[in-house]
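Working notes, beginning with the structure itself.
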Amino acid sequence: MVRENYKRRYTEHVVEEKKIALLVYEKETKVTEYLQQRLSGVYDVYKQTDPTSGIKKVFDLVIFVNCFPQTHTEIQKQKNTVFLTFFNTPLFIERLAWCKKYLSRYKIVNIGFSGRTPHELIDFVLFKTRVPYSFDFSSPSYVPSAISSSKPFVATTYFFSFLKWVFGLVVLINVLYVVLLGSLLFLISDISQSSSITQMEKKIPLTKAVYGGAKGLSVFSRNTLFWLPSNSLSTLLDASGSTLSLIEGGMEFVDNYTAFTSLLLQKTKGPQEMAQIQLRLDAIDKNIKSLLKDTNTMRNSWVRVPAFMFEEKKKNILNQLNTANQYLTVFSGVQKNVSEFFGRDGKRRYLVLFMNNMELRPGGGFIGSVGVVDFDHYTLTQLRIYDVYSLDGQLKTHIDPPEPIRKYLSQPHWFLRDSNFSPDFPTNAVEALSFVQKEVGWSSFDGVVGVTFSAVQDMIGAFPGLTVSDYNERITSDNFFIKAEGYAEYKFFSGSHSKKNFLEAVASVMQLRIETGDFDKILLAKKLNNLLDEKFIVLHFKNQQLQDMTENNSWSGAVAQQQCKTQEKCFLDYIYVVDSNLGVNKSNFYMQRAIRLDVDITTKGEVENSLTIEYRNESSSKAQVGGEYKNYLQVILPKDIRVTDVSIDGASVGEYEVNTQDLKTVGLWVTVVPGASRSVVIEYSFVRKIDAKTTYQLIVQKQIGSINNDFIFEMSSPPAMGFVKTNFPAVVQSAKLVYNTFLEKDRLLLVSFSPDE
């Protein structure tokens, strides 16, 4: 009752409060939805999904659907209580005794098969019966007279028994369908996580059988699972089927790939083996096209699966599909050049530079060994490894070295071991070919392959249990560096072959394992792709088709071309940080390096950059392969800039070099003692300006063979410009665009602005 006082005159208004009802259930069904809809005209309806949590207030009506409270105390306070069960006579009888003992105002009914729908029975119980009331509507022995006789109940023992059998069969089939579908998902997930092809092959037959069973039952279940999201289950089954198809296609691809590899390494081949090679290559080509199609089909299937069912799983699957599609696209391009690379029409010779990136050089690392690989008509005819000092000892002429080698390494002559001193690998490849020609007279090479120590170390992971019997050594990715360095240093003298012999022994064992197929094929293929992408392996070819493939995939190790990567007008920015360890040690094993670029755009459109390179030497004075990091640092920047300051640890550097050709290079000497950190900062500004209609483009190039490269990018611009769009997941902090990443490969960053009209 509400009373209002207007100038001492009182008017009384009576406000009729709406009744409140509570629905208690464990699982939402069509029945609970109907109850909520039916009661909402009379009551304010509340819902509770935990019958054990208790009822904290008094309601005009409380309805329990297929559940019961644990105590009677709070129920006795309610004005009216209704209990609904379905097809459960024993529970109905048990709870009826409980209601008679503790409650006075209640209705309890068990709804089953009858001549009326559950909705009609519920309406009858709620609105046409008085309390207390109880009845088992699943019993055929009684027909409530209060229900309209226009459609009388059909209740014969035989008929209801038949219906119960039918219902039980329907439930059994649907339960079996759901169980098979769940088992299928588990088996597919188990296959995808298998550690070897052999394990995958063992699991495929069972998975196919489970899928066939689920597929057969799905026809029936789609029309009977009315209380479950059956359409979602069907979508999930279709997605699982496409996944299984992709796995089988992948297995066929691996079989063809393994067979081709074995044939390639077979020493003698007749016409039959040559024909087999061509058949395998044709099959691989078809496999790739089919797998590309299957990945798209599988992606479309999983996109339709409701996210609420397997949200994280779905996200992981879609990410894996995108990765697989990228691998297949790359492999498709490589497949077109396999015949040329492996010498289908004649001999192909490649020079392999084994570069120790623990002693980093601009082109990837100190060249400790050199390999010569020959292919002829799809046959590996030669794989020899030579110690670089053996070759350098045969150089008969003087070659002037680059100035940093002469100045900081105190080396007046230039040799093959130091030939990769350019940040551009194609330049280094030409130099290496020139050196081997002058030193030992080798020529007619079709390409140069740069392989870093990290690459060999990583590939060993695809050969579990690799044992080099000649040295009685078990080699793993973790111990390879220590073992190789140990044999390199053991009784070392110029011209010794200890390291060369050890590497050759490891290569021979890996070759034998490949011939017999005793390696992880999928893992090795993925590792090779990643090592190429991350510049731990770089390639250079004389054949233009092979070189185009290399450059299109960014595997050439070349200095990036300075051009817009979009159709829009762009402002070009570029950084390439290049280290050269001239300390005659392997301290890069312990070095941490972080690169930070701060870009400040002024209100006049001027672009001012601050580039910071943080070094930390984590080696100790007792480290066997570490020590002081003596580094000739080169930072390659755009041509049209003005360098305003270069400093180390806050103190301006008086001596540094600036060279300008196509790009501007700042070079300086930096040393970092064990356990210490140092910071190099280069301040520079651009001659040209930027406006809001121009897209900012930054290429950050990763050095060949470099490890531990954190990269931080920050940009600030005037409020009139604003940030509109980026191609990287940046965040805005205090009006700055901030992006942190790891520089495992070259990065292209694009930022567009919003013109203030």
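The values are calculated or read from the model by the stated rules, or taken from the named source; none is laboratory data. Worth saying up front: this structure is predicted, and the values here are computed from it rather than measured. Here Cβ is always computed from backbone atoms with ideal geometry, including for glycine, and neighbour counts include all displayed protein chains.
Give just the number: which of (1) in contact (Cβ under 8 Å) with a residue 24 or more places away in the chain; (2) within 25 Å of Ile690 (Cα to Cα) does Gln561 not satisfy?
(1)
Can you tell me which of Ile93, Ile111, Ile122 is assigned by TED's automatic domain parsing to the domain that holds Phe137, in contact with a Leu (Cβ under 6 Å, 6 or more places away or on another chain) and closer than 19 Å to Asp136 by Cα? Even if it seems obvious, please write down each step before you answer.
Numbers: Ile93 fails: in contact with a Leu (Cβ under 6 Å, 6 or more places away or on another chain); Ile122 fails: in contact with a Leu (Cβ under 6 Å, 6 or more places away or on another chain).
One residue alone meets the criteria, Ile111.
Among the numbered criteria (1) surrounded by 18 or more Cβ atoms within 10 Å (Cβ to Cβ); (2) not small (Gly, Ala, Ser); (3) not in a helix (DSSP H, G or I), which one does Lys314 miss?
The one condition Lys314 does not meet is (3).
Per-residue answers, yes or no, for (1) in contact with a Cys (Cβ under 9 Å, 6 or more places away or on another chain); (2) under 27 Å from Phe453 (Cα atoms); (3) of a type in the set (Asp, Glu); (4) modelled with pLDDT of 90 or more:
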site	(1), (2), (3), (4)
Ile317	no, no, no, no
Asn322	no, no, no, no
Asn325	no, no, no, no
Val334	no, yes, no, no
Asn337	no, yes, no, yes
Phe342	no, yes, no, yes
Tyr350	no, yes, no, yes
Phe354	no, yes, no, yes
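Working only within the stretch 20-35, note down all residues that are outside any strand (DSSP E or B) and not basic (Lys, Arg).
The initial filter retains those residues of the stretch 20-35 that are outside any strand (DSSP E or B), namely 26-35.
Result: Glu26, Glu28, Thr29, Val31, Thr32, Glu33, Tyr34, Leu35.
What is the one condition in (1) assigned to a loop (DSSP other than H, G, I, E, B); (2) crowded, with 21+ Cβ neighbours inside 10 Å; (3) out of contact with any strand residue (DSSP E or B) (no Cβ under 7 Å at 6 or more places or on another chain); (4) polar (S, T, N, Q) that Asn428 does not satisfy?
(1)
Mind listing whichever residues of the stretch 255-283 are surrounded by fewer than 19 Cβ atoms within 10 Å (Cβ to Cβ) and of a type in the set (Val, Ile, Thr)?
Thr258, Thr261, Thr268
Name the residues in the stretch 367-386 that are farther than 30 Å from Arg344 by Cα and surrounded by 23 or more Cβ atoms within 10 Å (Cβ to Cβ), would you? Step through it out loud before you land on a result.
Keep residues of the stretch 367-386 that are farther than 30 Å from Arg344 by Cα, which gives 367-368.
Correct list: Ile367 only.
Just checking: which of the strands (runs of 3 or more DSSP E) contained wholly in the stretch 36-132 hold 3 or more residues that are over 17 Å from Lys19 (Cα atoms) and in contact with a Pro (Cβ under 9 Å, 6 or more places away or on another chain)?
Working: elements: 43-48, 61-65, 81-86, 106-111.
Qualifying strands (runs of 3 or more DSSP E): 106-111.
Considering each residue of the stretch 461-477, count those that are under 27 Å from the mean Cα position of the chain (by Cα), more than 20 Å from Glu744 (Cα to Cα) and either free of Cβ contacts under 8 Å to residues at least 40 places away in the same chain or part of a loop (DSSP other than H, G, I, E, B) (or both), and give that number.
Looking only at the stretch 461-477, we keep the residues that are under 27 Å from the mean Cα position of the chain (by Cα), and these are 461-464, 476-477.
Filter once more, keeping what is more than 20 Å from Glu744 (Cα to Cα): 462-464, 476.
Going one step further and asking which of them are either free of Cβ contacts under 8 Å to residues at least 40 places away in the same chain or part of a loop (DSSP other than H, G, I, E, B) (or both), we end up with 463-464, 476.
Total satisfying the criteria: 3.
Return only the number of the condition from (1) buried (at least 17 other Cβ atoms within 10 Å of the Cβ); (2) in contact with a Ser or Thr (Cβ under 6 Å, 6 or more places away or on another chain) that Gly517 does not satisfy.
Condition not satisfied by Gly517: (1).
Before we move on, is Gln703 touching a Cys at 6+ places or on another chain (Cβ under 7 Å) and at pLDDT 90 or above? Before you say what the answer is, go through the steps one by one.
Details: touching a Cys at 6+ places or on another chain (Cβ under 7 Å): no; at pLDDT 90 or above: yes.
For Gln703, the condition - touching a Cys at 6+ places or on another chain (Cβ under 7 Å) and at pLDDT 90 or above - is not met.
Looking only at residues that are modelled with pLDDT under 85 and either basic (Lys, Arg) or not in a loop (DSSP other than H, G, I, E, B) (or both) in the stretch 725-744, which one is farthest from the chain's Cα centre (by Cα)?
Residues of the stretch 725-744 modelled with pLDDT under 85: 732-735.
Subsequent filtering for residues that are either basic (Lys, Arg) or not in a loop (DSSP other than H, G, I, E, B) (or both) retains 732-733.
Values: Val732: 25, Gln733: 27 Å.
The qualifying residue farthest from the chain's Cα centre (by Cα) is Gln733.
Quick check on my filter: what residues within the stretch 389-420 are touching a Ser or Thr at 6+ places or on another chain (Cβ under 7 Å) and within 22 Å of Leu633 (Cβ to Cβ)?
Here is the first cut: in the stretch 389-420, the residues touching a Ser or Thr at 6+ places or on another chain (Cβ under 7 Å) are 389, 393, 404.
Passing the criteria: only Pro404.
Could you list all residues from the stretch 536-573 that are in a strand (DSSP E or B) and either among the aromatic types (Phe, Trp, Tyr) or out of contact with any helix residue (DSSP H, G or I) (no Cβ under 6 Å at 6 or more places or on another chain) (or both)?
Keep residues of the stretch 536-573 that are in a strand (DSSP E or B), which gives 537-541, 570-573.
If the condition is that a residue be in a strand (DSSP E or B) and either among the aromatic types (Phe, Trp, Tyr) or out of contact with any helix residue (DSSP H, G or I) (no Cβ under 6 Å at 6 or more places or on another chain) (or both), then Phe541, Cys570, Phe571, Leu572, Asp573 are the ones that fit.
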